[in-house]
Each structure stands twice: as structure tokens, then as C-alpha cells.
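Reading through the C-alpha cells given below for one structure.
Just so you know, all these numbers are worked out from the coordinates, no wet-lab data involved. The model shown is predicted, which means the values in this text are computed figures rather than measured ones. Cβ placement follows ideal geometry from the backbone for every residue including glycine, while neighbour counts extend to all protein chains displayed.
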Amino acid sequence: MRVTGDGLPGALSSDELCAAAWLAGRAPLPAFASGWASEEHGVAAAVAVRGLLARGLAEPGPRLAPAVRGALDPLLHPDTMVEIRHDEGPAGRRRHVFGESGDRRLLAAESVPSIWELAPIEEPIGAAALAVAEPLVPRTDSACTGERLVASARLLARVDALLAQGAGLGDEGTGGALTTVLSEARVLVTVRTTGPAAHTAAAITWLDAGSAGLWLITPEDRGDADDVADPAYALTATGGETVRDALAGLLGSSVPKEESCRTS
């Protein structure tokens with residue numbers, strides 16, 4: 001395994017990053033959660049710690065080697081963090097996590113599921129994250145109508161299974177608009193930022209539904225008890241420029257302008 005002169009490993013698994021956080025006395029970032037069942041966490045953590053010890057990244061105690069802890073600090077105890085999650089159906093999932101601590105900045109890029117390549121970055125993490133996220137916004141402005149659809153989290157989680165069974169999505173009253181959008185090849189992107197305090201957390205999510213258009217996804221307040229048990233989300237047809245402007249506002253950077261989406 002490659003380790004740079006400043007103690008930065010070339011790559012770590014999600015389990016190893018979680019173990020590194022525990023050894024440093026920190027809670028792991030949610031982005032690195034590996035999906036183990038609760039009863040399996042102890043075994044996964046023990047195996048990960050042994051791996052860190054075997055490769056000289058941790059010392060008996062156990063504790064992280066000082067150089068490794070310093071190199072990983074932007075991901076173990078970030079002042080600011082940006083996560084980009086890119087889900088493309090059968091093509092899989094790609095994630096990038098940018099962490100900043102003091103004057104150190106680090107990128108963790110998921111090369112294969114739960115394996116993260118690590119690299120220091122020089123530019124501000126907002127600009128670095130924008131360089132990754134902005135190309136994921138489609139350049140076309142199809143379906144720029146301002147149309148708005150609402151779906152529950154439970155329904156959205158079961159979309160693929162329902163469509164595979166030929167079942168409806170309960171949108172007959174809107175002419176099957178939701179089914180049309182979610183039946184297309186879909187790319188779902190979420191960009192999430194977290195600052196020094198929890199109240200500074202913010203996110204933007206969009207759905208690229210191919211010929212069915214580009215849709216911003218935002219929480220929908222229905223004003224009832226179901227919001228907690230099964231929250232709802234609004235899908236609003238939008239244009240690429242609107243999404244890029246929202247990205248710029250979220251990440252504190254500017255992006256090139258293109259022709260605005262016009263509605264009739």
C-alpha cells in the first residue's frame with residue numbers, strides 16, 4: 001500500500017476510515033458508513049483495526065500513528081466537509097468527500113464501492129467540489145415547464161421494484177406524470193455541505209431523467225404526522241442554469257452562465 005511522506009495512505013476502505021476515526025476519538029463521517037448490520041459492527045471494526053496495525057498505520061494501544069492522524073485529520077475532524085453522491089442506477093454509485101481542517105484539505109474518491117482513494121488538494125474545497133459536481137448537471141433544458149410532482153420517501157425507495165412488477169405509482173390523477181419521469185434512465189446527484197456547526201449544513205439534490213427532463217428534489221411539508229414516518233419530496237422541473245446557480249450558492253463559487261430556461 002502506498003503511503004506518502006506526510007503519512008497519507010493512498011487508499012483506505014470505509015471500514016478502515018471508520019476505525020481510524022474511532023482510534024482518533026472521533027465519530028466517523030456518515031459518508032463512510034459501510035452498511036454492516038448493527039451486530040456486525042464490532043467484527044468489522046476489529047478486522048479494520050488489525051489491518052491498520054499490520055500496515056503500520058496504527059500503533060499498539062491501539063492508536064493511529066501520529067503522521068497518519070495528522071494526514072487524515074481533514075476527514076476525521078473536518079471544519080468543513082462536502083460530499084457528492086452520484087447514483088446512476090445499474091451503472092452504480094460514485095462518491096467524493098472533501099474535507100478541510102485548518103489549512104489542510106483532503107479528497108476521498110470512491111474508486112470501487114467502499115474503497116476510497118485519498119489525495120491532498122490545494123484549492124478551496126468549494127472550488128474543488130464544484131469542478132466535480134458541475135459536469136454532472138446536463139446542458140440541455142428539456143422539460144423546463146416548472147411542473148411540480150410530489151412523492152413520498154417510501155414510494156421513491158420502492159420505485160424500481162414497483163416498475164419492474166408493472167405496478168402503478170399512484171399518479172393516475174396526473175396522467176402518470178411521475179411514472180413517466182421515474183421510468184426513464186435516471187441519474188440522481190446530491191451535493192451536501194457541513195460547516196463547523198450543524199446549523200450550517202445544506203444540500204441540493206437533482207434528478208437527471210434523460211428525455212423526461214431535469215428535476216430539483218426538495219423536502220415537501222405536508223403539515224401532518226406522516227412527515228416524520230414517511231416524509232414527502234417535491235420534484236420540480238427545472239433547467240441546467242438553475243441547478244448550476246444553486247450549486248454556486250451552496251459551494252460559494254461561480255459557474256459559467258448559459259441561456260435561461262423559458263416557460264410558456
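Given axes a ≥ b ≥ c from the Cα gyration tensor, I'd like to know whether the stretch 11-122 is rounded (a/c under 1.5), prolate (a/b larger than b/c) or oblate. Judged from the Cα gyration tensor, the stretch 11-122 comes out oblate (a/c at least 1.5, b/c at or above a/b). Put in order of Cβ neighbour count within 10 Å, fewest first, the listed residues Trp116, Trp36 become Trp36, Trp116.
Can you give the Rg/Rh ratio of the stretch 1-64, where Rg is from the C-alpha atoms and Rh is the Kirkwood radius? Write down the numbers at each step before the final one.
Working: Rg = 11.5 Å, Rh = 12.1 Å.
Taking Rg over the Kirkwood Rh, I get 0.96.
Each residue, His41 and Asp221, gets one label point 7 Å from its Cα in the Cβ direction; the gap between the two is 3.2 nm.
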